[in-house]
Each structure stands twice: as C-alpha cells, then as structure tokens.
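The values are calculated or read from the model by the stated rules, or taken from the named source; none is laboratory data. Since we're looking at a predicted model, the values are computed, not measured. Positions of Cβ are backbone-derived with ideal geometry, glycine not excepted, and every protein chain shown enters the neighbour counts.
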Amino acid sequence: MNRRKIPKLIKVVVPLMGFIFLIILMWPFLRPPINRQLLQDIDVLLDDYRHALVTGDITEPSYYSQEMQELIKNRRWFYAEYMNVGLMSELQALTSEFYYQPRKDYSVPALVTVLLDSNSSGTRWDVLRGRSVAVPVDAQIRVLSDDRFSLRVTEMVTVYAKYSVPPEEYPVVLGAHWALERTADPLVAKELREYITSTMNEVRPSFEEGYEIVFILYHHMIVQRTPIGLQIIEDTFTDRDTIFPGVDNVAWVDGNFVRDTSTFTTTAEYLLYHKSVEEIGKNLLKRYTEGW
Amino acid sequence: MGKVLKLAAMLLVLTAIFVVVSKQSPDVFRDEYPVMLINHSRIFDQDTSVLEFACLNQPVCPAPLEIASIWDSTPNKPGVDQAGKIYLPFYNRSEVLYLDTTRTSTTCVSVDAGLENFFPISVLQVEGKTLLADLDTLLIVRDDASHKVIELTAVAEPTLMGIGGLVRGTENSVHAFDSSPHTVEGERVALVFTIDLVSENVTPVLLPIFNAEEKERRRVQIVGVSADLSKVYYMFSIQTSEQDESQMRLVMFDTQTKRELHVYRDHCLPRQGYRQYGNYLFISSGSQGPLLLRLDDLSPVVNFTTLPTEFQVLTLAPLGRFFLAGTASEVLVLSGEGDILETYRVPPEFFGKKYIFVEYWDE
C-alpha cells in the first residue's frame with residue numbers, strides 16, 4: 001500500500017468515526033418527532049368519545065368497534081346504576097374531559113430543567129443513566145403494529161346527582177328517632193335532637209339541590225387505523241390509584257369488556273341502607289348514653 | 001500525525017466500550033420464584049374477610065381463605081419462604097397465618113401471641129423466623145410456632161421513640177432502628193437495637209449522624225441502616241427560600257468517616273414506608289407510587305413513570321434477585337437494574353382492586 005495514502009485515509013476515517021460516535025451519543029435526542037396529524041386525529045376521536053358518553057348519542061359509529069359502542073352504553077348505565085344502588089341517588093347529568101399530552105422522551109428542555117432546577121420532578125441520575133426525564137405521566141402513545149397503537153390517557157368524569165331520599169327518611173335520622181323514643185335521660189334526648197337536626201341539615205342540600213362527584217379514570221385504549229380513520233377497539237380503564245381501589249373498573253377478555261359491578265354494594269351508603277333502623281338506633285343510644 | 005492516530009485510537013476504544021456497555025446481556029427470569037397476588041375483600045354482613053390468591057407463573061394456587069375480620073384483615077407484607085410456606089402477618093394483630101402449599105391440600109396454621117394493642121408496621125422474614133414490630137415492641141415468631149415478645153423500651157437509654165424499621169444484619173442478626181434521632185452528650189446519634197437471631201438477645205448501639213449544630217434541618221427521620229451498621233440513612237426537610245418553601249433530602253451517612261456521602265433529593269419525597277432489601281432501599285407504595293434506590297449511592301434504579309406500562313406502577317415488592325412492579329393490569333418482573341424481564345397479566349377479577357404481592361425474600 002502506498003504510504004502516502006495512509007494519512008489521507010486517516011483524515012477521512014477519523015472524522016467519520018467521530019461523527020458516528022457523536023450520532024450514537026446523540027441518538028436519543030435525534031429520534032423522529034411525534035406525528036402531529038396523529039395527535040390531531042386522537043384529539044377529534046377523544047372529543048367524540050367524550051360527547052358520546054355525555055349525550056348517549058354515537059354520531060360517528062366508525063370511531064368505535066361494535067363492543068366499544070356497547071361499552072359507551074354500559075358506561076352511561078354504570079353511572080346511573082352506581083348512583084341509584086350505591087349512593088341512593090338519581091343521576092342528573094354527567095360531563096367528561098380527557099387530558100392528554102404526548103410523551104416527550106429525552107426532551108432537551110426537560111433535561112436542562114433537571115440539571116439546573118433542583119425542584120424538578122426528575123433527577124440527575126435519570127439524565128446520567130440516559131433515562132427519560134420530566135415526562136408527563138398522564139399520556140403516552142405506543143405503536144403496537146403498523147395499524148395499531150395504544151393510548152394512555154386520563155379522563156375526568158363529573159357526575160351530577162340528587163339524593164333520592166328526603167332528609168326525614170335518612171336511616172340515621174330514623175335511627176336517632178328510634179333512640180329518642182327509648183331514652184328517659186334529658187341530656188341524651190337533647191343530644192339526639194341536635195344530632196337529628198344537624199344530620200338533616202347536612203343531607204338536605206344533596207336532596208334539594210343535588211351534588212357532584214368526580215371520577216379520575218386512567219385509560220388504556222387500543223386504537224386501530226382504518227381506511228376511513230381511527231377507531232377505538234378496546235378501552236380498559238379504572239380509577240384505582242396509589243391509595244384507593246377502583247370503583248369504575250372495566251377490563252377486557254378475548255375482545256369483550258368485563259365490568260366490575262361488585263363496587264355497587266361496597267359503598268358506605270349501601271351498607272347504611274342495609275342496616276335496620278333498630279341497629280342504627282341502638283348504636284346511637286349506646287354512643288350518647290356512654291358519653292354521659 | 002501521531003496526535004491524530006492517538007485520537008483515532010481513543011475514539012475506537014470509546015466506541016467499543018459504549019457498544020459493549022449497551023449490549024450487556026440482561027438478567028433472565030426463569031420462573032424461579034412464585035409470582036403471587038392476594039386480593040382482600042370483606043364480607044360485610046358476615047363480619048369476615050376473604051383472601052383470594054392469584055398465581056401468575058404456577059398452576060397450583062391456594063384456595064380462597066376466609067378469616068375473621070377483627071378490624072382490618074389486610075395482610076401486611078405477606079411472603080413465601082424458600083420451603084414454599086406462605087406467611088400472612090396482619091396490620092392489627094399479633095397473629096401470623098402460615099399456609100403450607102407444598103402438600104396436596106393447603107393447610108393453615110395460626111400463631112397468635114395474643115398481644116393487645118399491637119399494630120405491627122414493620123415485618124421481616126429471616127432464617128425461618130417472622131419478625132413483627134410496632135413502635136416499641138418486637139415479636140419474633142419462630143418456625144416451630146413458638147414466639148418471643150421483646151419490649152424494646154426496656155432495653156436501653158436513651159428512650160426509644162418509635163421503631164422505624166427492621167433491617168437484616170450480618171451473621172444471623174437483625175437491626176431495629178429508632179426513627180427519631182437522639183442527642184447524647186451533645187452529639188446527634190441514631191439508636192439501633194441489634195437482635196441476635198440465635199440467642200434472641202438484644203444489644204443497643206448508638207451510631208453517629210450529622211452534627212447537631214445544623215439547625216436548618218427539620219423533621220430529621222432515620223429510614224435505614226446498613227447491615228454492618230457502617231451507614232445510616234436519614235431524611236429531613238430544609239428551607240429553600242424565605243417563603244418557607246422546604247425540600248426533602250435523603251442522605252447516606254458514613255458512621256466511620258462521619259461524612260454524608262450521598263444525597264437523594266426530590267421535592268415530593270415520601271416520609272413513610274421505607275424498607276430495605278439486599279442492596280436496595282425501597283417504598284412499596286405510597287401516594288406518589290413506589291420508589292427504588294440503590295443503597296450504595298442512593299441512585300434511583302428505575303423511573304417508574306417512564307416504564308412502558310398500560311397504567312401507572314402502583315406497587316413494588318422483592319422477588320428473590322428481582323422486584324415485582326404492579327399496575328392495575330400488569331405485573332412486571334424487574335431486574336436489579338430496573339429492566340423489565342417478564343410481564344404477566346393481572347387476572348380480570350383483580351383488575352382495579354387493591355391487590356398485594358406475596359414477597360419472596362432471598363437476600
């Protein structure tokens with residue numbers, strides 16, 4: 001080999017190797033950006049899902065598989081039934097809102113934030129170990145195959161309801177009346193009367209004006225690309241969080257959704273209505289008598 | 001010319017190192033430990049509870065177990081030992097249930113020390129003994145169903161404020177540490193009780209921690225000690241601005257050199273639930289979810305929020321050389337480096353429930 005060619009070779013190889021090494025180091029930062037059109041399509045899809053849940057009107061059936069259309073009906077039934085059986089209330093209305101923001105792995109601003117801001121939710125080790133940092137946890141998109149992806153998204157469902165039982169017939173009030181009839185102690189009787197008044201005052205607004213409860217639901221959806229657009233084919237969700245078990249739980253088995261209805265009968269309200277007036281009254285009588 | 005060659009050689013070496021490091025073969029999980037979940041539910045009108053088991057990597061699983069519901073019958077850090085015996089401590093009693101699943105039908109043995117007002121927070125299974133500790137009492141339940149109660153308040157001065165946790169020590173010993181620091185002769189110290197598992201004798205030890213003059217540190221709390229007592233792990237909050245904003249710090253302190261070697265900082269660091277296993281400090285679950293740090297340098301093993309799971313990771317438990325991480329729909333087997341080695345589906349009947357893992361301790 002001609003000796004003069006070696007330096008030329010090195011001049012070409014060294015920068016090339018340096019460039020390759022740089023590419024390897026920078027690879028996490030050079031990943032292709034998220035598809036903006038896909039994000040817009042998902043936005044439209046979730047907005048329609050939200051609308052279908054709130055109104056019960058599925059105006060774009062192509063957005064949902066047959067089983068998903070059944071799930072939307074089931075979800076509306078669930079909220080009405082949960083309020084009715086679990087909370088002795090009548091559903092008035094519900095609203096839904098989806099929150100999602102695409103995951104940004106290895107975003108440069110997040111990385112800089114972590115390095116400079118000690119209050120950041122990430123840590124320096126995340127950066128040094130090459131893991132993603134400061135990632136919004138409420139949304140992720142994962143490609144499952146050419147025509148399928150999964151979507152991790154959070155939904156807030158607000159349920160508006162009115163309590164079905166007038167304050168005078170609230171079990172605790174009936175129980176207090178039962179106790180009142182069985183005490184000769186004027187101080188205990190006074191306490192029980194005050195208890196009845198305060199309990200009725202607490203319950204009355206829920207009966208007359210209504211109240212709202214909020215479900216924060218964590219979804220994992222399977223979305224398919226079809227010739228005419230996106231279609232949700234599965235939606236697994238729960239409001240189970242790090243502290244409390246879920247109330248609104250839907251899993252999927254072999255393409256069919258499985259709804260957990262056991263939660264209807266585990267509410268404090270349900271249990272209260274399945275106690276006898278005598279049992280409640282005896283407990284109140286014991287509490288106030290022993291107190292004196 | 002020589003410089004260029006050196007540069008080229010250096011780049012080559014660096015590239016080779018990078019490729020080798022990134023191509024390291026991952027650890028492998030071969031079902032050597034049972035992956036088991038328990039769901040606890042109360043039967044309200046009968047005042048009993050039912051424990052349902054789900055076995056994700058073995059065909060045989062214990063049948064549902066009905067237990068008397070005294071107040072709360074949720075098992076507290078249940079586990080399975082090397083002999084296949086499942087132990088079930090509870091949060092509100094001095095009773096441990098042992099399920100022997102190795103026979104053709106599951107047998108259940110109850111060992112109850114009959115202690116009143118015993119609310120064990122800390123649990124440790126070591127050398128066939130189950131150790132339970134509440135704030136001031138240690139209960140050792142032996143594998144022959146006998147037991148011993150040790151009142152740690154009677155053992156030493158300074159007075160124990162409250163047991164913060166149990167840690168496996170060296171040579172058949174266990175450490176119980178006071179979560180509150182003490183000041184002895186002007187020096188800040190950590191109070192640790194070392195329990196010899198053979199003689200079951202207790203020896204109090206005082207370990208130095210940071211200088212008592214550092215008054216800006218608030219709510220100092222001991223969260224762990226190393227097996228050889230050469231390190232103490234503690235946390236505290238410090239004021240970071242005049243607006244009284246505070247930040248949490250978790251520190252590793254060397255008791256020999258009397259220096260703080262490593263600091264883990266996070267603005268939402270939990271104050272409760274720290275446990276130790278092997279070379280790890282971890283929180284099974286909490287309002288912020290689980291946490292898994294290396295004891296060597298307090299570096300996080302994994303950022304749970306970035307794992308490719310269907311739902312957020314809710315709970316964590318030791319499984320031999322590995323860890324189990326649970327979401328609403330999946331159970332992951334993680335390597336000691338935080339890599340996902342295996343994924344199991346949570347049974348539909350456990351979905352959305354607050355299931356707990358059956359731990360496997362093999363340090």
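One residue stands out in region B:307-363 among those that are in a loop (DSSP other than H, G, I, E, B), within 11 Å of chain A (Cβ to nearest Cβ) and of a type in the set (F, W, Y): the one that is nearest to A:I243 (Cα to Cα), namely B:Y355.
Looking at region A:199-206, can you tell me whether even one residue there is more than 10 Å from every other protein chain (Cβ to nearest Cβ), touching a residue at least 60 places away in the same chain (Cβ under 8 Å) and surrounded by 13 or more Cβ atoms within 10 Å (Cβ to Cβ)? Before the answer, list the steps.
To start, the set of residues in region A:199-206 that are more than 10 Å from every other protein chain (Cβ to nearest Cβ) comprises A:199-206.
Imposing the further condition that a residue be touching a residue at least 60 places away in the same chain (Cβ under 8 Å) reduces the set to A:206.
If we keep only those that are surrounded by 13 or more Cβ atoms within 10 Å (Cβ to Cβ) as well, we get A:206.
Scanning region A:199-206, I find at least one residue that is more than 10 Å from every other protein chain (Cβ to nearest Cβ), touching a residue at least 60 places away in the same chain (Cβ under 8 Å) and surrounded by 13 or more Cβ atoms within 10 Å (Cβ to Cβ), so the answer is yes.
Condition (residue is farther than 24 Å from A:S145 by Cβ, touching a Lys or Arg at 6+ places or on another chain (Cβ under 9 Å) and away from every other protein chain (no Cβ under 14 Å)) applied to region A:271-281: is it met by at least one residue? Scanning region A:271-281 turns up at least one residue that is farther than 24 Å from A:S145 by Cβ, touching a Lys or Arg at 6+ places or on another chain (Cβ under 9 Å) and away from every other protein chain (no Cβ under 14 Å). Could you give me the residue pairs with C-beta distances under 6 Å whose first residue belongs to region B:257-273 and is farther than 15 Å from B:R219 by Cβ, whose second residue is surrounded by 15 or more Cβ atoms within 10 Å (Cβ to Cβ) and acidic (D, E) wherever it lies, and which are 6+ apart or on separate chains? Within 6 Å, the pairs are B:L261/B:D254. Among the conditions (1) part of a helix (DSSP H, G or I); (2) out of contact with any Ser or Thr (no Cβ under 6 Å at 6 or more places or on another chain); (3) under 30 Å from B:G352 (Cβ atoms); (4) among the β-branched types (V, I, T), A:V165 misses just one, which is (1). Summed over region B:209-233, residues that are at pLDDT 95 or above and aromatic (F, W, Y) total 1.
Regarding B:S173, is this residue buried (at least 21 other Cβ atoms within 10 Å of the Cβ), within 22 Å of the chain's Cα centre (by Cα), hydroxyl-bearing (S, T, Y) and outside the structural domain of B:L295 (by TED's automatic domain parsing)? Here the answer is no, as B:S173 does not meet what is asked. So A:E212 passes all but one of these: (1) within 14 Å of chain B (Cβ to nearest Cβ); (2) without any contact (Cβ under 8 Å) to a residue 60 or more places away in the chain. Which condition number does it fail? The one condition A:E212 does not meet is (1). Among the residues of region B:172-188, those that are closer than 22 Å to B:L139 by Cβ and not hydroxyl-bearing (S, T, Y) comprise B:N172, B:V174, B:H175, B:A176, B:F177, B:D178.
Is there a residue in region B:291-306 that is part of a loop (DSSP other than H, G, I, E, B), out of contact with any Gly (no Cβ under 6 Å at 6 or more places or on another chain) and modelled with pLDDT under 90?
Our first condition is that a residue be part of a loop (DSSP other than H, G, I, E, B); within region B:291-306, this holds for B:295-299, B:301-303.
From what is left, the residues that are out of contact with any Gly (no Cβ under 6 Å at 6 or more places or on another chain) are B:295-299, B:303.
Subset that is modelled with pLDDT under 90: B:303.
The answer is yes; a qualifying residue exists.
Could you say whether any residue in region A:224-236 is at positive phi and either among the small types (G, A, S) or more than 10 Å from chain B (Cβ to nearest Cβ) (or both)? Please lay out each step first, then the result.
Restricting attention to region A:224-236, the residues satisfying the condition of being at positive phi are A:229.
Now drop any that are not either among the small types (G, A, S) or more than 10 Å from chain B (Cβ to nearest Cβ) (or both), which leaves A:229.
Yes.
In this structure, is A:F244 within 11 Å of chain B (Cβ to nearest Cβ) and in contact (Cβ under 8 Å) with a residue 12 or more places away in the chain? First the steps, then the outcome.
Details: within 11 Å of chain B (Cβ to nearest Cβ): yes; in contact (Cβ under 8 Å) with a residue 12 or more places away in the chain: no.
So A:F244 fails the test.
Could you tell me how many of the residues in region A:142-184 are among the aliphatic types (A, V, I, L, M), surrounded by fewer than 19 Cβ atoms within 10 Å (Cβ to Cβ) and within 14 Å of another protein chain (Cβ to nearest Cβ)? Residues meeting the conditions: 2.
Only a single criterion out of (1) hydrophobic (A, V, I, L, M, F, W, C); (2) more than 36 Å from the chain's Cα centre (by Cα); (3) under 30 Å from A:I233 (Cβ atoms) is not satisfied by A:L180, namely (3). Among the residues of region B:247-304, those identified as within 11 Å of chain A (Cβ to nearest Cβ), within 29 Å of B:I356 (Cβ to Cβ) and polar (S, T, N, Q) are B:S284, B:S285, B:S287, B:Q288, B:S299, B:N303. Does any residue of region B:36-48 turn out to be at pLDDT 80 or above, over 20 Å from B:Y360 (Cα atoms), in contact with a strand residue (DSSP E or B) (Cβ under 6 Å, 6 or more places away or on another chain) and not β-branched (V, I, T)? The answer is yes, given that some residue of region B:36-48 is at pLDDT 80 or above, over 20 Å from B:Y360 (Cα atoms), in contact with a strand residue (DSSP E or B) (Cβ under 6 Å, 6 or more places away or on another chain) and not β-branched (V, I, T).
For B:L295, the conditions (1) surrounded by fewer than 22 Cβ atoms within 10 Å (Cβ to Cβ); (2) farther than 27 Å from A:Y218 by Cβ; (3) over 17 Å from the mean Cα position of the chain (by Cα) all hold with the exception of (3). Condition first: more than 9 Å from chain B (Cβ to nearest Cβ), part of a helix (DSSP H, G or I) and crowded, with 16+ Cβ neighbours inside 10 Å. Now tell me which residues in region A:247-268 satisfy that. Within region A:247-268, just A:F264 meets the criteria.
Highlighted here are the strands (runs of 3 or more DSSP E) found entirely within region B:106-192 that include at least 3 residues which are of a type outside the set (A, V, I, L, M): B:107-112, B:147-151, B:163-168, B:173-178. Number of residues in region B:193-234 that are hydrophobic (A, V, I, L, M, F, W, C) and not in a loop (DSSP other than H, G, I, E, B): the value is 11.
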